[in-house]
Amino acid sequence: MLAGRYRYVRELGRGGSGRVLLVRDGDEGPLYAAKVVAAAEGARLRWEEELLRQVAHPRLARVEELLRVGERLPPPFGLPAGVEVLLQAHAPGRPALEALARLPESERAHAALRVVHDALQALAALHGVGIVHGDVTPANLVVDEAGRAVLVDLGLAGPPSHEPGVARGTPGLMAPEAWMGERSVATDLYGVGATLHALLRGRLVATPSTAGEAARRALAAPLGDLPPELPPELAALVALFTAPASEERPATAASAA
């Protein structure tokens, strides 16, 4: 058991920064998502914990505690000594694209608007303390059975910044200026628009498999047309959020909501 308290349930995912495990408090307690990072990344995880406590919001996953593993935990955890673990309330549900795909076609547009409205509320809370999310995507919005969304994964979050040549985010969902190293309220709002576009289409825009400048230009290109049967107001809303020039997008997440 992790910290003598949390039982392993299953692995939720893994990436370059670490693993995310689903754990349960005891035998019948609540479920938590346990984000595991190497000791070298501990400072970043502590920053994330402090941030989430500061901006506590129903559309952001609630923090439970931060742990450091003193001794190696054998499988199924398989955690070496020294790793740090951030436990957050498990957001029940499915990634937004998967959740909406299960709905009748007639309900998907309304559901998509509800999901991005929840995303904007979460972003307004983050932006209110001077932090941008940096990776607003359908995969980072978990939708429950009631259709409400929680914004997850603050792995790329941080203050607004400009780092020339450092592009961070998910290809196909990044603002043109994000490819140039920009991270701002406007790049988050572009992510909202690109997410809405994907939810209305029912899929992500295909991304090039090759690297280089040509691929970057393709990824920063307009997202493409929406299904013609959708109301034109929805296309106009997507166009507003994904305007090529950042100053043409909404000024704040709160006003956009």
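The values are calculated or read from the model by the stated rules, or taken from the named source; none is laboratory data. As the structure is a prediction and not an experimental result, all values here were calculated from the model. Quick reminder, even Gly has a Cβ in these numbers, built from the backbone with ideal geometry, and neighbours come from all protein chains shown. Only protein heavy atoms, including side chains, enter the accessible area calculation; ligands, DNA and RNA are left aside. Shrake-Rupley method; radii C 1.70, N 1.55, O 1.52, S 1.80 Å.
Numbers below:
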item	result
Counted residues, the stretch 90-99 - those being more than 20 Å from ARG24 (Cβ to Cβ), touching a residue at least 40 places away in the same chain (Cβ under 8 Å) and open to solvent by 10 Å² or more (accessible area, probe 1.4 Å)	3
Criterion violated by PRO244 - all others in (1) open to solvent by 80 Å² or more (accessible area, probe 1.4 Å); (2) at pLDDT 85 or above; (3) in a helix (DSSP H, G or I) satisfied	(3)
Per-region count, the stretch 75-101, residues touching an Asp or Glu at 6+ places or on another chain (Cβ under 7 Å) and in a helix (DSSP H, G or I)	0
Those residues of the stretch 102-158 which are of a type outside the set (Asp, Glu), over 24 Å from VAL36 (Cα atoms) and not in a helix (DSSP H, G or I), in sequence order	ARG102, LEU103, PRO104, VAL129, GLY130, ALA146, GLY147, ARG148
Residue in the stretch 179-195 that is touching a residue at least 12 places away in the same chain (Cβ under 8 Å), within 27 Å of ALA33 (Cα to Cα), surrounded by fewer than 24 Cβ atoms within 10 Å (Cβ to Cβ) and among the small types (Gly, Ala, Ser) present	no
Strands (runs of 3 or more DSSP E) (entirely within the stretch 1-74) containing at least 3 residues that are acidic (Asp, Glu), more than 29 Å from GLY147 (Cα to Cα) and free of Cβ contacts under 8 Å to residues at least 12 places away in the same chain	none
Count - residues of the stretch 247-256 that are surrounded by 16 or more Cβ atoms within 10 Å (Cβ to Cβ) and among the small types (Gly, Ala, Ser)	2
Residue in the stretch 164-175 that is modelled with pLDDT of 95 or more, in contact with a Ser or Thr (Cβ under 7 Å, 6 or more places away or on another chain) and open to solvent by 30 Å² or more (accessible area, probe 1.4 Å) present	no
Only listed residue being buried (at least 20 other Cβ atoms within 10 Å of the Cβ) and modelled with pLDDT of 90 or more, chosen from LEU103, LEU87	LEU87
